[in-house]
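*Asks:* Let me give you the structure first, and then I'll get to my questions.
The values are calculated or read from the model by the stated rules, or taken from the named source; none is laboratory data. What you are looking at is a predicted structure, and each value in this text was computed from that prediction instead of being measured. Here the Cβ positions follow ideal geometry from the backbone for every residue, glycine too, while neighbour counts run over all protein chains shown. We work out accessible area using only protein heavy atoms, side chains counted, and drop any ligands, DNA or RNA first. Shrake-Rupley method; radii C 1.70, N 1.55, O 1.52, S 1.80 Å.
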Amino acid sequence: MKLKYIILGIAAASVVSSCDLQYDPKGLYSDITEGVTEDEEELTFKNREDVETYLRDLYDRPTENNTQNNWFRDLMMISDAHSDNAYAGTSGAEVVSIENNAVDAPHMMIERLWTRYMDDVAAANKLICNVDKVVDGSLSQDEIDEYKAQGMIFRSIVWFDMARLWGNIPLMTEIAGNITADNIEEVYPAYFPEQKTEVEVYRKIEEDMLFAIEHAPSQTGDKTKWTKNVARALLAKLYAEKPIQDYGKVIQYVDELASQGYDLVDDYEKLFALDGNPNEDPTKNAIPAYNNTIESILEVHFIVGSSNKNVITIFGRDWAKWDSQFTWAKWVTPSRDLIAAFEAEGDTKRLNSSVVYYSCNWSKYYPADHYPFMFKSRSRYSNWIKFRYADLLLLKAEALILGPGQNLGAAADIIDRIRGRVGLGKLSATVRGNRELLLEAYLKERRLELAFEWQRWFDLVRLGKVEEVMNTLQDRDSGHLQFVNLFNEDSYKMPIPQSVIDTNDNFIQNPGY
């Protein structure tokens with residue numbers, strides 16, 4: 001076993017040197033510190049300034065080019081191109097296997113996602129585990145709890161996405177220390193953690209978000225912050241998931257968000273609009289026309305002159321640099337099936353906000369002179385909205401349809417409200433009065449409302465619709481690649497990366513891989 005070999009390695013190393021053996025597996029924790037205490041305990045933060053600097057860096061992580069993979073880019077490939085919303089877009093094996101359902105354990109994207117998520121957890125833990133060790137007396141307990149709560153929100157968002165992707169994952173809550181012959185038994189689990197069940201993961205998120213509702217900052221006009229309301233939003237999404245499903249609490253937290261003033265913006269396009277297209281009008285800028293709307297709960301900003309947003313070069317045309325990086329095929333090409341769903345509903349408003357046509361140099365899925373692209377990210381300065389109220393409001397409708405306090409009329413009213421914003425008529429009396437028809441209308445509404453917002457695949461999984469929707473897709477969509485494997489119950493989770501299985505005996509591969 002690995003523990004035996006590490007102990008033998010430590011014994012051999014002790015012959016040469018009396019120094020600690022520092023073992024640093026990829027994707028786990030950094031031991032960077034800022035000094036030591038009088039008792040020789042490593043000190044991460046000396047004072048308030050250190051903590052604030054680190055917190056700012058933590059807030060910046062989703063905008064970093066590497067971290068954008070797991071927060072936006074790769075996650076969209078799975079949520080939309082692994083569902084019926086999009087094609088892979090290009091011909092690389094990494095992305096084609098997402099579209100044709102041929103993902104396996106050594107998959108590059110799956111390993112990249114896992115590694116980045118684990119890096120995020122490690123970064124959050126550095127704050128959570130060390131903020132109460134600041135020894136200069138500058139932080140009150142309330143301030144310490146507020147810092148911890150923000151770290152917990154960041155970590156819980158990561159865990160939530162990980163659990164939905166893989167199910168059973170590690171719950172790393174400590175910093176891995178130096179390994180010595182004296183502490184190997186104690187430190188070993190931090191480097192080779194146990195695999196926790198999906199239920200255990202969700203319960204830990206629940207525990208942390210209840211703490212965050214009490215201690216995180218209150219909402220201000222800046223929707224980039226990890227606040228009490230972000231915790232409420234995450235809890236509403238959490239309680240919709242099957243392992244701990246509690247539709248009554250979904251309704252509770254969505255209603256709490258409404259009481260905090262969240263609502264739908266009057267115009268759907270405001271969620272994604274830019275000030276203008278400088279290619280067409282040099283007096284305009286490719287910056288968001290509307291930040292921090294009443295509908296936005298958590299968004300990530302890409303500020304002019306700061307972080308570069310590389311995801312736009314993956315998905316489409318960058319309005320800030322019109323011809324930059326537009327000579328090669330893009331990821332997540334809107335599918336014929338999705339476009340047909342918009343058109344069948346007469347939903348031109350959301351279609352035009354979600355899909356745009358350009359001429360390009362390739363014709364893999366469509367003619368080159370009329371090629372569709374995902375349009376919810378239009379420039380390197382577009383915001384990404386991680387949580388928005390329409391998503392949560394629709395989850396309340398789901399709770400009213402499927403929960404024990406079933407109220408089809410109230411659920412239909414919510415769906416009608418979402419439809420009304422984009423000029424669509426109300427649901428028919430037949431649909432409103434039939435649970436199965438209303439559930440079908442609800443799922444369609446989520447698809448059209450939330451296309452390219454990391455929701456579609458997880459909606460199909462949560463509602464048990466994967467086989468029904470995906471195994472019939474090629475009868476509806478002539479442009480989709482043929483599936484290597486049909487979808488079944490083992491398709492609901494991604495494979496644990498092979499590198500994790502190979503290096504950690506505690507992990508069991510998900511069924512089907």
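*Asks:* Look at Ala233 and say whether it is among the aliphatic types (A, V, I, L, M), assigned to a loop (DSSP other than H, G, I, E, B) and in contact (Cβ under 8 Å) with a residue 60 or more places away in the chain. Steps first, answer last, please.
*Replies:* Values: among the aliphatic types (A, V, I, L, M): yes; assigned to a loop (DSSP other than H, G, I, E, B): no; in contact (Cβ under 8 Å) with a residue 60 or more places away in the chain: yes.
No, not satisfied.
*Asks:* Scanning segment 259-277 for residues that are in contact (Cβ under 8 Å) with a residue 24 or more places away in the chain and outside any loop (DSSP other than H, G, I, E, B), which turns out farthest from Leu351 (Cα to Cα)?
*Replies:* Only one residue fits best here, namely Leu274.
*Asks:* Please go through segment 278-298 and give me each residue that is among the small types (Gly, Ala, Ser), part of a loop (DSSP other than H, G, I, E, B) and either open to solvent by 20 Å² or more (accessible area, probe 1.4 Å) or within 15 Å of Leu393 (Cα to Cα) (or both), ordered by number.
*Replies:* Ala289
*Asks:* Sticking with this one: Pairs please, first residue from segment 64-90 and at positive phi, second anywhere and open to solvent by 10 Å² or more (accessible area, probe 1.4 Å) and among the β-branched types (Val, Ile, Thr), Cβ atoms under 9 Å, 6+ apart in sequence or on different chains.
*Replies:* Pairs that qualify, where the first residue is at positive phi and the partner is open to solvent by 10 Å² or more (accessible area, probe 1.4 Å) and among the β-branched types (Val, Ile, Thr), are Gly89/Ile314.
*Asks:* Would you mind stating whether Ile303 is modelled with pLDDT under 95 and either crowded, with 22+ Cβ neighbours inside 10 Å or not basic (Lys, Arg) (or both)?
*Replies:* Yes: the conditions hold for Ile303.
*Asks:* If you go through segment 425-461 one residue at a time, how many are within 18 Å of Leu393 (Cβ to Cβ) and either touching a Gly at 6+ places or on another chain (Cβ under 9 Å) or not aromatic (Phe, Trp, Tyr) (or both)?
*Replies:* As a first pass, look at segment 425-461 and keep what is within 18 Å of Leu393 (Cβ to Cβ): 426-427, 432, 438-439, 441-451, 453-456, 458-459.
If we keep only those that are either touching a Gly at 6+ places or on another chain (Cβ under 9 Å) or not aromatic (Phe, Trp, Tyr) (or both) too, we end up with 426-427, 432, 438-439, 441, 443-451, 453, 455-456, 459.
Qualifying residue count, segment 425-461: 19.
*Asks:* Out of Leu460, Leu448, which single residue is in a helix (DSSP H, G or I), closer than 24 Å to Asp490 by Cα and in contact (Cβ under 8 Å) with a residue 24 or more places away in the chain?
*Replies:* Going through Leu460, Leu448 in turn, the sole match is Leu460.
*Asks:* While we're here: Which of the residues that make up segment 219-270 are touching a Ser or Thr at 6+ places or on another chain (Cβ under 7 Å) and either surrounded by fewer than 23 Cβ atoms within 10 Å (Cβ to Cβ) or of a type in the set (A, V, I, L, M, F, W, C) (or both)?
*Replies:* Within segment 219-270, Gln219, Lys228, Leu234, Val265, Tyr268, Glu269, Lys270 meet the criteria.
*Asks:* Among the residues of segment 312-350, which ones are under 13 Å from Phe373 (Cβ atoms) and in a helix (DSSP H, G or I)?
*Replies:* The answer is Ile312, Thr313, Ile314, Phe315, Leu338, Ile339.
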